[in-house]
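Enquirer: The following block contains the structure, expressed as structure tokens.
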Amino acid sequence: MSDTKKTSKRREIRKNRMGQDRKKKLAKEGTTPKFPIHVEKK
């Protein structure tokens with residue numbers, strides 16, 4: 001494997017992994033905050 005191929009592959013991997021944690025969190029929790037549906041009146 002040439003150095004150029006190694007570098008481009010590493011860059012590709014790095015690019016794909018960027019923001020992975022944020023994307024997973026958004027997919028899991030969504031972007032809208034949770035609102036209480038039924039709130040007891042005081």
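The values are calculated or read from the model by the stated rules, or taken from the named source; none is laboratory data. None of these values were measured; they are calculated from a predicted model. Glycine also receives a Cβ, built like all others from the backbone with ideal geometry; neighbour counts cover every protein chain displayed.
Enquirer: How many residues are at positive phi and surrounded by fewer than 10 Cβ atoms within 10 Å (Cβ to Cβ) if we restrict to the range 8-42?
Expert: 1
Enquirer: Would it be correct to say that Lys5 is exposed (fewer than 10 other Cβ atoms within 10 Å of the Cβ) and at pLDDT 95 or above?
Expert: It is true that Lys5 is exposed (fewer than 10 other Cβ atoms within 10 Å of the Cβ) and at pLDDT 95 or above.
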